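For reference, the structure discussed in these notes is given below.
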Ligand SMILES: Cc1cc2nc3c(=O)[nH]c(=O)nc-3n(C[C@H](O)[C@H](O)[C@H](O)COP(=O)(O)OP(=O)(O)OC[C@H]3O[C@@H](n4cnc5c(N)ncnc54)[C@H](O)[C@@H]3O)c2cc1C
């Protein structure tokens, strides 16, 4: 039997019995075979001592059952780690931060509680996946769109609480959250925002309620277990139109980003896009690598011209009435025309609803609000998975050029070729860079990856860039970089943690916040 | 992660492969399109398969599992699991509970043992009787 740290086997057995009484025997998992399914399939510490394998998993099917589990956990000081759909691959999967935690698996709580077609929102339980939600809406032909992230098997609750992102105009997922129901570490049920008013008629329509706004402290957090979440949806747009802006010189990136920022902040471009360059952001290419080694951009620009490959390209997605999106693309072209030599290419466009035949031809439906797993076909064949290093950068070409140089240098200094970065516009007024590292079932290679990853965290912080989210393995490292004024933010979090969760039972170590009794040991 | 960098270089190739595959196989819409084949009267294994497996192993474009198997078998065996006649229930269960490559293993709260039995029975329904 695996046992949580600091808990006697007698207490653990009693706790398991109480869990069984709460949820039914089949929903408490303790065999190695069952618990192995809670390992992180993309773990960068696979089969190493620090791999956070849980001691049990318990799967409730209702708020009262969650409360009963929390009360038992308090009684025996059992660490719980909450997951909704547990598909947090790249950032920890369904595995906890602390080895020996009990995973609280909310997958069975998978009811769509309400969809409102007039005010465009949903009220969901945590186990509802993007696939489930799409299916539910689709079967009933409801007049709303959802915004899925790339893999559709995760959940609005898990993804939004991690502050993930998608592609349609609702792409900032936590920004779309409106009203939570939370089981607190005491076992009490609390509702945030307007939900604090008994019989509230606007729980999912107005976020802030009255007084200090606490909904955000339950994101990337260990302060509560979210059992219901409101999320805003999108009225289906009439049309989607896309077009690509292509520029040919290295420094064209600077006006390219600047004009994009103005269009995005003006609400003209509302979907997520990504800045691309085969010279800087693509997978390794020996020919380009040797051109780059010259240290000058001229050979690359010549190559771009010779081969007619745009140095930078930026696909733009437009969502809205057909006449409006056409006008927006025209306007964007006018704006980008100030960059000498810029060229444009019209991309796919669609009118909604899509016919079955048209839909069947679209490989990537995610930007059209239809969840899929298409993204996995873009990963290198034979890959075992990856982890993402995800710093937030200013929305500027200068910052992006600097970051590419810094990350490239770190990669090559540590013998890892050059960085293949993805640059997304998922959040307003900032860029998020995703540097993907392959994970393997190979201890030595994973150690090397962790070394590079940790160097990048430090280098990024030294440049004023911090990560938006990270794999459980690096939560402490990243929390250490958010150190303004002698780590006052972390000390503030710890003060709240100790007050709200005195026994430290919920998600110990999440985002570098440890309960009092583990703080020194884990620092 | 809409990897445009990766897209330009690799994806175009993959999209072409996907289109070739789609042209080869008779095209039916995926489980998530308006024309989803009705689950009514279908065996449980079919229903569970549509729910958990078809987004990756279904027919049509953009299905990574089908693409990966097409690449692996190069026409020697069907890339679509539903068309295979050589799978055993045991092998289906091993892949679902152990994962392979980027396909993670599935927990019992996602696919229960009973659902998995049904999926395994569905995928072996066309095997020749010994
Ligand atoms: C190829 C690939 C592409 C990806 N693309 C994207 C993308 O486009 N956008 C994106 O955002 N992510 C992306 N990811 C990362 C990840 O897969 C998704 O974010 C996924 O949705 C997260 O898993 P989940 O929804 O199942 O959340 P879960 O795993 O259920 O939860 C994530 C975390 O949130 C917390 N949590 C969950 N539920 C609760 C609760 N009820 N109460 C309190 N805390 C809770 C826990 O700390 C948990 O570990 C990608 C991953 C891969 C492998």
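Some points to look at:
- Measuring between their Cα centroids, the range A:411-467 and the range A:80-121 lie 26 Å from each other.
- For the range A:485-512 and the range A:255-328, distance of Cα centres in Å: 41 Å
- 20 Å cut-off, amide nitrogen to a point 7 angstrom out along residue A:63 Cα→Cβ, residues in the range A:224-243: A:224-232
- Average partner coverage of B:48-56, which counts Cβ from other chains inside 10 Å: 3
- Average 1/r across all pairs of distinct alpha carbons in the range A:178-318, invert it, and you get the Kirkwood radius: 19.5 Å.
- Inter-chain neighbour count for A:352-365: the average number of beta-carbon atoms from partner chains within 10 Å of each residue's beta-carbon is 5.
- Here the label points at residue A:289 and residue A:462, each 7 Å from Cα along the C-beta direction, are separated by 2.4 nm in the simple model.
- Residue-span extension gain [residue A:307 to residue A:200] - 0.36 nm each, minus C-alpha spacing: 32.3 nm
- To the nearest ten degrees, helix A:298-307 and the longest principal axis of the Cα atoms of chain A are 80 degrees apart.
- Reciprocal mean inverse distance between Cα atoms of the range A:473-522 - Kirkwood radius, Å: 11.0 Å
- Among B:55-62, A:123-130, the peptide with the highest mean count of other Cβ atoms within 10 Å heads the list, and the full ranking is A:123-130, B:55-62.
- Between residue A:521 and residue A:116, residue separation times 0.36 nm minus the direct Cα-Cα distance comes to 141.0 nm.
- Distance from the range A:1-34 to the range B:77-95 (C-alpha centre basis), Å: 35 Å
- Percent of beta bridges antiparallel (DSSP, the range A:9-105, rounded to nearest 5): 20 percent
- For the pair residue B:100 and residue A:451, a Förster radius of 45 Å applied to the C-beta separation gives a FRET efficiency near 0.95, rounded to the nearest 0.05.
- Within chain A, helix-based [θ] at 222 nm, where runs of 4 or more DSSP H residues each add -39,500 (n - 2.57), nearest 500: -10000 deg cm²/dmol
- Per the Cα gyration tensor, the range A:239-469 maps to an equivalent ellipsoid with semi-axes of 30, 23, 17 Å, ordered largest to smallest.
- Computed FRET value (nearest 0.05) for residue A:33 with residue A:323, which takes r as the C-beta separation and R₀ as 56 Å: 0.45
- Inter-label distance for residue A:47 and residue A:140, nm, one decimal - labels placed 7 Å from Cα along Cα-to-Cβ: 4.8 nm
- With each label modelled as a point 7 angstrom along the Cα→C-beta vector, the residue A:413-residue B:125 pair spans 5.9 nm.
- In the calculated pair-distance distribution of the range A:9-105, the portion above 18 angstrom amounts to 42 percent of the Cα-Cα pairs.
- Isotropic mean projected area of the C-alpha convex hull, the range A:267-380 (nm²): 9.5 nm²
- One quarter of the surface of the convex hull around the alpha-carbon atoms of the protein assembly as shown equals 29.7 nm², the direction-averaged projected area.
- Here's the picture: a label point sits 7 Å out from the Cα of residue A:358 along the beta-carbon direction, and within the range A:297-339 the residues with their amide nitrogen under 12 Å of it are A:322.
- Area projected by the alpha carbon convex hull of the range A:112-232, averaged over all directions, nm²: 7.3 nm²
- Peptide B:60-68, shielding by other chains (average Cβ, 10 Å cutoff): 6
Every number in this text was worked out from the coordinates using simple rules, so none of it is lab data. As the structure is a computational prediction, the values presented were derived from the model and not from experiment. Every residue, glycine as well, gets a Cβ built from its backbone with ideal geometry; the counts of neighbours run over all protein chains shown.
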